[in-house]
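Here the structure is laid out as structure tokens; the discussion comes afterwards.
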Amino acid sequence: MEKMTFQQVNEVIYKKVLDNGLEVYVLPKKGFRKAYATFTTKYGSIDLSFISNGEKIEVPEGIAHFLEHKMFEEEEGDVFNTFAIHGAQANAFTSFDRTAYLFSSTTDIQENIETLIDFVQNPYFTDENVEKEKGIIAQEIQMYQDNPDWQLYFGLIKSLYQKHPVQIDIAGTVDSIYKITKEQLYQCYNTFYHPSNMVLFIVGNIEPEETINRVENNQKNKTFQKKPMIERIYPAEPKENNQNLKEQKLAVAIPKVLVGFKDLSVGLTGKEFIKRELATALLLEMLFGQSSIFFEELTTKGLIDNSFSFEYQIENNYAFTLIGGNSINPEQLINELKEEILKHQTDQTSLKELFERSKRKKIGELLKKLNYPEYIANQFTRYLFNKANLFDILPTMEEITLMDIQDRLQEFDPNRIAISIVRS
């Protein structure tokens, strides 16, 4: 068992890689009543084409999300009932890059950990229950088709990306999910749910050695197939946006608008990945945060309300920035955003005044987040899959300079902006 100490945040993580390849991490938190655990596979909605043990496989859109839904159904019943008996709340989510199964509980922590591992490692798919699930997920997809914020978000991604599967809705389409078979679900499960492609992370008031030993004994009593050799296939993404504007009509009281930028340089890992993410988040806070002059001006003009936000999403093979919200005049807001970016690109003197204040604010936000078990567990695994460490975020943020911010700002080319608008 390896002990990892992070003195800056006064945390110690215990790690063990089991014989089957499963990575187990335990972060003891004395005084915490609640424990939180995630069991995560590096497998998400973008993994539609891959080579497994020399065989090229292509699967329908939405299959990772479909598989997540089906994992909770067991031959002897619903696993949610088992968690409830032991006082736990369980859930799961599928993102572009990973699928996570999780629980939180204040009682019977060890029992709940075993339940989490056991149900994820015990798939139960039949022709009948797969067909039944298609109708359930089809309703979910149709519900999101009528959701303005969801359509706004994916409208922007579809404007940015021409070929990368990040542009595809995580749940797929009604047509695609009806193509999913029981055999394909088992094929994806056997490829991506092998212990060597998964991470178990537990945080809470628990004893590390006892927890890891119990997990190790659990795994020793199970038989697993040989570790699959996985090669993921993603199409080359052109530099140009798919389209400059995607406009949709839905029932909204006020128009909604997002503008976005697609990163042209991807593939970062480790501290470079963290630095890119933090520098972009800091830049966006400086330019568009609620304490910025620009935010105040937009509010005074009535161009934005409290829905206005910004976000930078980065993973290993894609990254993009989005900015926007509700606006009575989307076209004017778009022009104001472009002008604000150009203004700071040509005259960077004002950035100096914003830099230190915004940096202190972001450091405070990061310290606050590191007190939340849910944030720690989910983000630790996410960074791990990008060959980085969550607890490097504070020292990396402290190392970011004004020059890093200025360099990042120059990559925001207003001529390469993509726009998504939803209005009635």
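The values are calculated or read from the model by the stated rules, or taken from the named source; none is laboratory data. Bear in mind the structure is a predicted one, so any value in this text is a computation, not a measurement. Heads up, the Cβs are rebuilt from the backbone with ideal geometry, glycines too, and the neighbour counts pull from every protein chain shown.
For the reader, a short list of remarks on this structure follows.
- Yes/no for I212 being of a type in the set (V, I, T), outside any strand (DSSP E or B) and in contact with a His (Cβ under 7 Å, 6 or more places away or on another chain): no
Conditions tested, residue by residue: (1) assigned by TED's automatic domain parsing to the domain that holds V26; (2) touching a residue at least 12 places away in the same chain (Cβ under 8 Å); (3) farther than 20 Å from P28 by Cβ; (4) out of contact with any Asp or Glu (no Cβ under 7 Å at 6 or more places or on another chain).
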{"residue": "K369", "(1), (2), (3), (4)": "no, no, no, yes"}
{"residue": "A377", "(1), (2), (3), (4)": "no, yes, no, yes"}
{"residue": "L384", "(1), (2), (3), (4)": "no, yes, no, yes"}
{"residue": "A388", "(1), (2), (3), (4)": "no, yes, yes, yes"}
{"residue": "I393", "(1), (2), (3), (4)": "no, yes, yes, yes"}
{"residue": "E398", "(1), (2), (3), (4)": "no, yes, yes, yes"}
{"residue": "L402", "(1), (2), (3), (4)": "no, yes, yes, yes"}
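- Any chance T321 is surrounded by fewer than 18 Cβ atoms within 10 Å (Cβ to Cβ) and among the β-branched types (V, I, T): no
- One residue from E365, E340, E285 being among the acidic types (D, E), out of contact with any Pro (no Cβ under 8 Å at 6 or more places or on another chain) and either under 28 Å from M198 (Cα atoms) or without any contact (Cβ under 8 Å) to a residue 40 or more places away in the chain (or both): E365
- Number of the condition not met by I206 [criteria: (1) buried (at least 17 other Cβ atoms within 10 Å of the Cβ); (2) outside any helix (DSSP H, G or I); (3) within 26 Å of the chain's Cα centre (by Cα)]: (3)
- Residues in the stretch 215-242 that are loosely packed, with under 14 Cβ neighbours inside 10 Å and in a loop (DSSP other than H, G, I, E, B): 13 in all.
- Qualifying residue in the stretch 77-93 (condition: within 15 Å of Y193 (Cβ to Cβ) and modelled with pLDDT of 95 or more): yes
- In summary, Q162 fulfils each of the numbered conditions (1) outside any loop (DSSP other than H, G, I, E, B); (2) out of contact with any strand residue (DSSP E or B) (no Cβ under 9 Å at 6 or more places or on another chain); (3) in contact (Cβ under 8 Å) with a residue 60 or more places away in the chain with the single exception of condition (1).
- Qualifying residues in the stretch 14-23 (those that are in contact (Cβ under 8 Å) with a residue 60 or more places away in the chain and in a strand (DSSP E or B)) - the one nearest to H194 (Cα to Cα): E23
- Residue list for the stretch 76-99, restricted to those being touching a helix residue (DSSP H, G or I) at 6+ places or on another chain (Cβ under 7 Å) and of a type in the set (A, V, I, L, M, F, W, C): V79, F83, A88, A90, A92, F96
- Take the conditions (1) surrounded by fewer than 19 Cβ atoms within 10 Å (Cβ to Cβ); (2) β-branched (V, I, T); (3) under 28 Å from the mean Cα position of the chain (by Cα); (4) at pLDDT 95 or above; I363 misses just one of them, which is (4).
- Contact map, the stretch 300-317: first residue in contact (Cβ under 8 Å) with a residue 60 or more places away in the chain, second residue of a type in the set (S, T, Y), Cβ cut-off under 9 Å, separation 6 or more or different chains; pairs are E315/S95; N316/T269; N317/Y234.
- Exclusive hit being over 30 Å from the mean Cα position of the chain (by Cα), over 30 Å from Q8 (Cβ atoms) and of a type in the set (G, A, S), set S327, S350: S350
- Candidates are the residues of the stretch 174-187 that are in contact (Cβ under 8 Å) with a residue 60 or more places away in the chain and surrounded by fewer than 22 Cβ atoms within 10 Å (Cβ to Cβ); the one that is farthest from the chain's Cα centre (by Cα) is K179.
- Summed over the stretch 364-396, the residues that are more than 14 Å from A100 (Cβ to Cβ), in contact with a Lys or Arg (Cβ under 6 Å, 6 or more places away or on another chain) and either outside any helix (DSSP H, G or I) or of a type in the set (A, V, I, L, M, F, W, C) (or both) give a count of 0.
- Within the stretch 262-293, the set of residues being part of a loop (DSSP other than H, G, I, E, B) and either on the phi > 0 side of the Ramachandran plot or basic (K, R) (or both) comprises G267 only.
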